[in-house]
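K.L.:
Handing you a structure now.
The values are calculated or read from the model by the stated rules, or taken from the named source; none is laboratory data. Note that the structure is predicted; figures quoted are calculated from it, not measured. So basically every Cβ, Gly included, is an ideal-geometry build from the backbone, and we count neighbours across all protein chains shown. The protein model used for the area step is the full one, side chains on, heavy atoms only, and it has no ligands, DNA or RNA in it. Shrake-Rupley method; radii C 1.70, N 1.55, O 1.52, S 1.80 Å.
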Amino acid sequence: MSHKGKLYRLEGVVLNRRDQGEADRVVKLLTAEGSVDLLAKGVRKPRSRKAGHLELFARTQVLVSRVTGSWDIVSQAEAVQVRARLQEDFRLGTYARYVAELAVRFFEGETEPQLYALVDDVLARLDGGAAPELLTRWYEQQALALAGFRPEWLTCVGERGGNLCQMPLRPRADDRRPYGLDMERGGAVCHECFAADAREHTVRPLSPSALSWLQTLQRRSFDEVTRFALPERTAKELAQAMEQYIAYHLERRPAALRLLHDNRG
Ligand SMILES: [Zn+2]
């Protein structure tokens, strides 16, 4: 009954994979046109020729056979960049899974060529030895902006006495009082608005250093960002603040993020 479907080519990054049946896998490929689930038959067999070309986080070119009413089937696969370190190093792999999961959860398969370029670039840098924590924080700011959740770090998003504050935020190392991160309003608040709103559960304190870093991460290229040293304390604060911010906007905490924190000890 079966007949060969129409063939088409795709290039994309393997974001995740799940086992299917006895020897198959369903592979989620992020392409410039969106993400797509494809069935890779027999790739869990020891002698599969396709398997090495459909590894997690690899950029790969596939020839796909269109199937009506089921997943389209990978007919041929040829890896362009394998990214072996992301498979071999558990810690790096955890960062890579987080990068992939944010892309999947924020975009849900929608068309976004810039997201594809971003994810491909970040995974290549992660595999190439870039500082994973700094790279992940930079990626979050870029991905949030592309997803339409761009946080406002430059002017206060607070509201006092029925008026928007909009105070320019210029954090300094000698600031004595904290700024705030307001999840609901989607950005940072000034000292005064933080003092007025601190009891709200969607507002958390933000140190001047963390706010200054968020402004930098959002506006600069990754190459520019690597010229500054991220202090350990600020790194921890940023990780926690962004986890909370992203969880608020995704409504539930990304599973890979949980794993990352459990491993950090
Ligand atoms: Zn304010």
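K.L.:
Would you pick out the residues in the range 68-114 that are out of contact with any Ser or Thr (no Cβ under 9 Å at 6 or more places or on another chain), open to solvent by less than 70 Å² (accessible area, probe 1.4 Å) and among the hydrophobic types (A, V, I, L, M, F, W, C)?
P.N.:
If the condition is that a residue be out of contact with any Ser or Thr (no Cβ under 9 Å at 6 or more places or on another chain), open to solvent by less than 70 Å² (accessible area, probe 1.4 Å) and among the hydrophobic types (A, V, I, L, M, F, W, C), then Ala84, Leu86, Leu92, Ala96, Ala100, Leu102, Phe106 are the ones that fit.
K.L.:
Checking the structure you have, find out if any residue of the range 39-48 is in the same structural domain as Ala247 (by TED's automatic domain parsing) and open to solvent by 60 Å² or more (accessible area, probe 1.4 Å).
P.N.:
No, every residue in the range 39-48 fails to be in the same structural domain as Ala247 (by TED's automatic domain parsing) and open to solvent by 60 Å² or more (accessible area, probe 1.4 Å).
K.L.:
Are any residues in the range 53-67 open to solvent by less than 40 Å² (accessible area, probe 1.4 Å) and not aliphatic (A, V, I, L, M), and if so, which ones?
P.N.:
Answer for the range 53-67, where residues must be open to solvent by less than 40 Å² (accessible area, probe 1.4 Å) and not aliphatic (A, V, I, L, M): Phe57, Thr60, Ser65.
K.L.:
With the requirement that a residue be assigned to a loop (DSSP other than H, G, I, E, B), within 13 Å of the ligand (Cβ to nearest atom) and open to solvent by 50 Å² or more (accessible area, probe 1.4 Å), what does the range 158-177 give you?
P.N.:
Passing the criteria: Gly161, Gln166, Met167, Arg170, Arg177.
K.L.:
For Ala195, which of the numbered conditions (1) away from the ligand (no atom under 13 Å from the Cβ); (2) open to solvent by 50 Å² or more (accessible area, probe 1.4 Å) fails to hold?
P.N.:
(1)
K.L.:
Also, quick follow-up: Those residues that are more than 16 Å from the ligand (Cβ to nearest atom), open to solvent by 30 Å² or more (accessible area, probe 1.4 Å) and touching a strand residue (DSSP E or B) at 6+ places or on another chain (Cβ under 7 Å), I need them from the range 117-157; list them, please.
P.N.:
Of everything in the range 117-157, just one residue is more than 16 Å from the ligand (Cβ to nearest atom), open to solvent by 30 Å² or more (accessible area, probe 1.4 Å) and touching a strand residue (DSSP E or B) at 6+ places or on another chain (Cβ under 7 Å), namely Ala124.
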